[in-house]
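The values are calculated or read from the model by the stated rules, or taken from the named source; none is laboratory data. Bear in mind that the values here come from a model prediction, so they are computed numbers and not experimental data. Here the Cβ positions follow ideal geometry from the backbone for every residue, glycine too, while neighbour counts run over all protein chains shown. For accessibility, only protein heavy atoms count, side chains too; no ligands or nucleic acids. Shrake-Rupley method; radii C 1.70, N 1.55, O 1.52, S 1.80 Å.
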Amino acid sequence: MSIATEVEWQEAEPCQQPDAQQEAEVDPLSIPENVFPVPQGQHSYTLSAEHIFPSIAQANLWFIRGGIVHEVEHDIKGARLLPLVKERAVSGLEEFARSCGRRIARFETVTKGDKTYPVWRTATMPTQSMDILMQSNAARQLLPRIRQLVACPVIVERPDNRTETLAAGYHSHGGGTYITAGQMPPEVPLNAALDALLNLHADFLFSSPSDKSRTIAAALSPALKMGGFIPDDFPMHVAEAVESQSGKDYLQKLHSRIYNERPAGIAPSKGGVGSLDETLSKALISGRPFICFSNFRGKLESAILESAIRGQGSIECRALRTSATVDCTPFIWQLSTNGAEFTRDLANRAIVTRIRKQPASYVFTEYPEGDLMSHVQSNQPFYLGCVFSILREWVACGKPKTADTRHDFRGWTQTLDWIVQKIFQLPPLLDGHQEQQSRTANPALQWLRDVANVIIGKPHAGRAFSAVEFADLCEEEDIPLPGRPGSTEEPKFRIGKTLGKLFKEGQVVDENTSRLTADGIAITREVFEEYNPKRQETITRQRYFFAKGEA
């Protein structure tokens, strides 16, 4: 066997038998088009990177995100972004080379007799070399940027109040948008789109008309974010219910299905491996647009979450064996709960929708495909087309807004307020919302909400309650007592102190009567004098009345 056969000999281009005169003219820096060069000797890392990454960039194989090379991985749950590790990059480069008729090779010279031949010998890219190549300036400059990963077509704005729908594939829109799947939606007439989206929510029982407005806004919000229509922060959609099986979690999953997505679920835990921030970091690194805290209970407190919702640039995310700098602006935040407790900052970053449980006798709409979720999944392109029809109308009108200033995220709220009022003919977006925000950040008011909903839902309504009866009711309904956990103070005193603080800031009706509202339930406190024969003195007491309706 000849030495040329042993080393998989291939002539340096142009393919001619070299002689002694030609040997001096061979340029070792001239790399054949069908070769991905291994860095060594005169073939520097920079030279190799500049030869390899243009082909990878053209194929949209790898992307730059937060200064790090990422790949898009597809599995049964859909597509996700992963920081590319050097070992996987080596095998990925080999597979790509085979697919496009190229090979990984290193430059060598082979001596046969009195002549020396230049050859490109097939080789494996060393993992350490691959690691350096991925950190090169060539990789960061030549590979396409990626900012958001979506599984459906995206509607974007064009000049002169026009729109365009982007199909599957990579687009430079919005700093890099990779649409991994999804059929192009049909163009749905505006009236048909309005009817379809309203009917989609017809089986949900909302606490107030404006809760319905906020739900419609939440359904449209992902398209606005994906398309980059609002250069402002988007709030977290909070679906809140009193009873289980009210449909809060179902509603948010339904919204994600319109966009051919399944949310990345966040299961809360405290501290250590698998903590809330670590789980949240993992979801952010994956790049899937919908992130949902499903059936969340207790106190929600996360610096990463508050910064991410605020959209303040990029966040350094760290999960098990993975880390990346992530731009948080593309994500859609959801949370379903029966009464989570927020920090004040987080409450200010939320838009709350209250949902009630339908009566047992209620008959839900039936569809040929089965339930509502199956219907939406089977007709996903149509419902996406309905959303796009609404946005096209808004853009054609010049992207107007209202002047409502009752929320910190005014770019989003003023835009959606105009859409729900003028296009859907629904009530104002933020009516009654400030009270809900305040309550979610007030543990005492959240406790009173739970008590009030139990009382309103039973024959108790209409009669007076004392602090002692509140304590009995909390024990009966398994409602945690207000105040410091683990306190040994007698329940009626804990409850009395909590009620005293709440009504101190309530609405004063007269010198003996004050009132406040919790979740649409008016709670009235009356102060009265009562003679105590046992103590032989007059004692000041309080009694509380509950009734549906705002204070």
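Which stretch or stretches of region 465-507 have amide N atoms under 20 Å from the point lying 7 Å from R535's Cα along the Cα→Cβ direction?
Within reach of a label on R535: 465-472, 489-501.
With viscosity set to 1.567 mPa s at 4 °C, what whole-number translational diffusion coefficient in µm²/s follows for region 375-465 from Stokes-Einstein and a Kirkwood radius over Cα pairs?
Numbers: Rh = 16.6 Å.
After rounding, the answer is 78 µm²/s.
In region 279-340, what percent of the accessible surface is made up of carbon and sulfur (1.4 Å probe, ligands and nucleic acids excluded)? List each step's numbers first, then the result.
Details: 1010 of 2300 Å².
Result for region 279-340: 44 percent of the exposed heavy-atom area is carbon or sulfur.
Identify the residues of region 207-224 with backbone N under 15 Å of a label point that sits 7 angstrom from the Cα of T365 along the Cα-to-Cβ direction, or state none.
So the set is 216.
For the pair A202 and A59, how long in nm is the line joining their label points, each one 7 Å along Cα→Cβ?
Computed distance between label sites A202 and A59 equals 5.1 nm.
Please report, in whole Å, how far the alpha carbons of region 46-167 spread along each principal axis, starting with the longest.
74, 35, 25
May I ask you to give the solvent-accessible area per residue for the chain, in square angstrom, as obtained with a 1.4 angstrom probe?
Working: 25830 Å² over 551 residues.
Value for the chain: 47 Å² per residue.
Accessible area of region 182-276 with a 1.4 Å probe: how many percent of it is carbon plus sulfur? Walk me through the numbers before you get to the answer.
On the way: 1840 of 3590 Å².
Carbon plus sulfur share of accessible area: 51 percent.
When DSSP assigns beta bridges and you keep just the ones with both residues in the chain, what percent turn out antiparallel, to the nearest 5?
Values: 59 of 85 bridges.
Bridges in the chain that DSSP calls antiparallel: roughly 70 percent.
Going by the alpha-carbon gyration tensor, a ≥ b ≥ c the square roots of its eigenvalues, is region 114-229 rounded (a/c under 1.5) or, if a/c is not under 1.5, prolate (a/b greater than b/c) versus oblate? All intermediate terms of the calculation are to be shown ahead of the outcome.
Numbers: a/c = 3.60, a/b = 2.98, b/c = 1.21.
Because a/c hits 1.5 or more and a/b exceeds b/c, region 114-229 counts as prolate.
If you build the convex hull over the alpha carbons only and average its shadow over all orientations, what do you get for region 105-167? Give it in nm² to one decimal. Mind showing how you got there, number by number?
Values: hull surface 35.5 nm².
Result: a mean projected hull area of 8.9 nm².
If each of R98 and D408 carries a label point 7 Å out from its Cα toward its Cβ, how far apart are those two points in nm?
5.3 nm
Kindly state, to the nearest 0.05, the FRET efficiency for E164 paired with Q377, given R0 = 35 Å and r defined as their beta-carbon distance.
Numbers: r = 26 Å, r/R0 = 0.74.
After rounding to 0.05, the efficiency reads 0.85.
How big is the Cα convex hull of region 189-329 in projection, averaged over all directions, in nm²? Numbers along the way, then the final one.
On the way: hull surface 38.8 nm².
Mean projected area for region 189-329: 9.7 nm², to one decimal.
Quick check: pseudo-label points 7 Å beyond the Cα along Cα→Cβ at E511 and T109, how many nm apart are they?
Each label point is offset 7 Å from its Cα along the Cβ direction, giving 10.9 nm.
Any idea what Rg and Dmax come out to for the chain if you just take the C-alpha atoms, in Å?
31.5, 125
First compute the accessible area of region 406-546 with a 1.4 Å probe, then give the percent of it belonging to carbon and sulfur atoms.
Numbers: 3370 of 7270 Å².
Carbon and sulfur: 46 percent of the exposed surface of region 406-546.
What FRET efficiency comes out for R344 versus V527 if R0 is 51 angstrom and r is the Cβ-Cβ distance? Round to the nearest 0.05. Mind dumping the intermediate values first?
Details: r = 30 Å, r/R0 = 0.59.
According to the calculation, E is roughly 0.95.
Compute the helix-to-body angle for 86-99: its Cα long axis versus the longest principal axis of the chain, expressed 0 to 90° and rounded to tens.
Value to nearest ten degrees: 60.
With the cut-off at 1.5 for a/c, could you classify region 143-196 from its C-alpha gyration tensor as rounded, prolate or oblate? Mind showing how you got there, number by number?
Working: a/c = 3.09, a/b = 1.70, b/c = 1.82.
It is oblate, given that a/c is not under 1.5 and a/b is not larger than b/c.
On a 0 to 90 degree scale, rounded to 10, what angle separates helix 467-477 from the longest Cα axis of the chain?
That works out to roughly 50 degrees.
Filter the GluC sites (Glu not before Pro) in region 138-238 to those in DSSP coil with at most 15 other Cβ atoms within 10 Å of their Cβ, and list the result. Please list the in-between numbers first.
Values: sites: E157, E164, E187; in loops: E187.
Sites meeting the loop and neighbour criteria: E187.
Hey, got the Cα dimensions of region 240-399 along the principal axes, in Å, largest first?
Computed over the Cα atoms, the extents are 46, 42, 30 Å.
Roughly speaking, what is the centre-to-centre gap between region 492-530 and region 347-391 when only Cα atoms are used, to the nearest Å?
Cα centres, region 492-530 to region 347-391: 38 Å.
Between helix 491-504 and the chain, what is the angle of the helix's C-alpha long axis to the longest principal axis, kept within 0 to 90° and rounded to the nearest 10?
Helix 491-504 and the main axis of the chain meet at about 90 degrees.
Consider all pairwise Cα distances in region 424-551 and report the whole-number % of them above 25 Å.
On the way: 2324 of 8128 pairs.
I get 29 percent for the Cα pairs in region 424-551 exceeding 25 Å.
Sort region 420-480 into rounded, prolate or oblate with this rule: let a ≥ b ≥ c be the square roots of the eigenvalues of the Cα gyration tensor; rounded if a/c is under 1.5, and if a/c is not under 1.5, prolate when a/b is larger than b/c, oblate otherwise.
Working: a/c = 3.51, a/b = 2.19, b/c = 1.60.
Prolate, since a/c reaches 1.5 and a/b exceeds b/c.
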